[in-house]
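The values are calculated or read from the model by the stated rules, or taken from the named source; none is laboratory data. Being a predicted model, the structure only gives us computed values, none of them experimental. Here the Cβ positions follow ideal geometry from the backbone for every residue, glycine too, while neighbour counts run over all protein chains shown.
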Amino acid sequence: MIGINAKIYYNHAENLNSSSVMTDSAGTIAETLDYFPFGAIRIDTHPSTGSGSSAFSEQRKYIGQEFDADTGLNYLNARYYNSALARFTSEDPVALAIGDENQIKQLTGQDQQTLLANPQALNSYSYANDNPINRSDPSGRASSLVSIISSLVSAWKSLLSTVIGGGDGSISPNHLQNKSPSSISIAQPSYSSHQSPKIQTTQYYNGKYAAIEEKLVGKPYVWGANGPDSVDCSGAVIYGIRQSANPNFGDRGADDLYRNYSVSSDSRSRGTVTFYDYTSDGRIDHVTTNVGNGSMVNPLNPDTGVLLTPTNYQDDYTYKQGGSIYHRQLDWQKITQ
């Protein structure tokens, strides 16, 4: 049984989102991490012991992704990465898709000709185009400088929207309803195995749900469909919920999911959802799932199918229409009842 006196740790990450310094709620350093350029662990110390033998050890290490201590490999979602060799252990799914223009576009946001114009793209085992200082590859697919820029832009917009209201840096009354000064945070919390049941449930289900949503990228958009072969926007969320948490979860529209099965969130972290009311008429028109690193799974329309887009992909359009954007967290406790 998990006790109520759970201890919370905070993860202070560096520019590539790698875990760098872990502190407890009192600000005491619990773990210090540093890495060689391609991600091999250079330092992993704990002030209490001077070694890595502390009871607390952050599992998400290099570029914020999971480190498998048993194998010494980094799990980067689509495949495993060997930081000691600076190479993946299997081929890039994007390289395997070469020849299918539509799939390349959906997986990378680039056309095939642009992708192949980069010589590094021809090495399907290389990491971050052999440029780990400026690039990262958290998805395990076609690393890009764009993903880092998108993450920084999203973080900057989030700060602006907290301070002055508008997600695009402008004062927006519609956006203010989801923000408050208390939401400003320097470090994002990372929880140990001693966390409270509610936090543990949220983190656990968010990870499972996001992984399922990522597998929908490239699927057809069909209105009213809820997987596995095709989905619409709310159908994608329903499919993810059924596969990750509750197989008996009923059909719901985006507006119902927003009002009855989600709670407010101040971030677009992995596993959270974003709802769009394009005209501010009080009814939700669209929903997407955030999968981390500035990306979201976006079942857009029948012409595009399910895309992997930057998290701010529809922000400007929504604000220009006078619409509202709501950052939410699925209410897993209610969903699994």
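General observations
- Flag for Ala254 being closer than 20 Å to Thr318 by Cα, in contact with a Phe, Trp or Tyr (Cβ under 7 Å, 6 or more places away or on another chain) and not β-branched (Val, Ile, Thr): yes
- Filtering the stretch 74-96 to residues that are over 18 Å from Gln106 (Cα atoms), surrounded by 19 or more Cβ atoms within 10 Å (Cβ to Cβ) and hydrophobic (A, V, I, L, M, F, W, C) leaves Leu76, Phe88.
- Residue in the stretch 295-337 that is surrounded by the most Cβ atoms within 10 Å (Cβ to Cβ), counting only those that are in a loop (DSSP other than H, G, I, E, B) and under 15 Å from the mean Cα position of the chain (by Cα): Thr311
- Selection over the stretch 228-264 of residues that are crowded, with 18+ Cβ neighbours inside 10 Å and either among the basic types (Lys, Arg) or at pLDDT below 90 (or both) gives a count of 2.
- Matching residues, the stretch 270-294, being part of a strand (DSSP E or B) and either on the phi < 0 side of the Ramachandran plot or of a type in the set (D, E, K, R) (or both): Val273, Thr274, Phe275, Tyr276, Asp277, His286, Val287, Thr288, Thr289, Asn290, Val291
- Checked against (1) assigned to a loop (DSSP other than H, G, I, E, B); (2) of a type in the set (Ser, Thr, Tyr); (3) surrounded by 23 or more Cβ atoms within 10 Å (Cβ to Cβ), Ser267 passes all but a single condition, namely (3).
- Any chance Ala236 is in contact (Cβ under 8 Å) with a residue 40 or more places away in the chain and of a type in the set (Gly, Ala, Ser): yes
- Of all the numbered requirements in (1) of a type outside the set (S, T, N, Q); (2) under 22 Å from Gly294 (Cα atoms); (3) surrounded by fewer than 19 Cβ atoms within 10 Å (Cβ to Cβ); (4) modelled with pLDDT of 85 or more, Lys105 misses one, and that requirement is (4).
- Sole residue being within 30 Å of Asn11 (Cβ to Cβ) and of a type in the set (Lys, Arg), chosen from Arg259, Arg270, Arg242: Arg270
- Failed criterion for Asp277 (all others in (1) under 30 Å from Arg135 (Cα atoms); (2) in contact with a Ser or Thr (Cβ under 6 Å, 6 or more places away or on another chain); (3) surrounded by fewer than 23 Cβ atoms within 10 Å (Cβ to Cβ) hold): (1)
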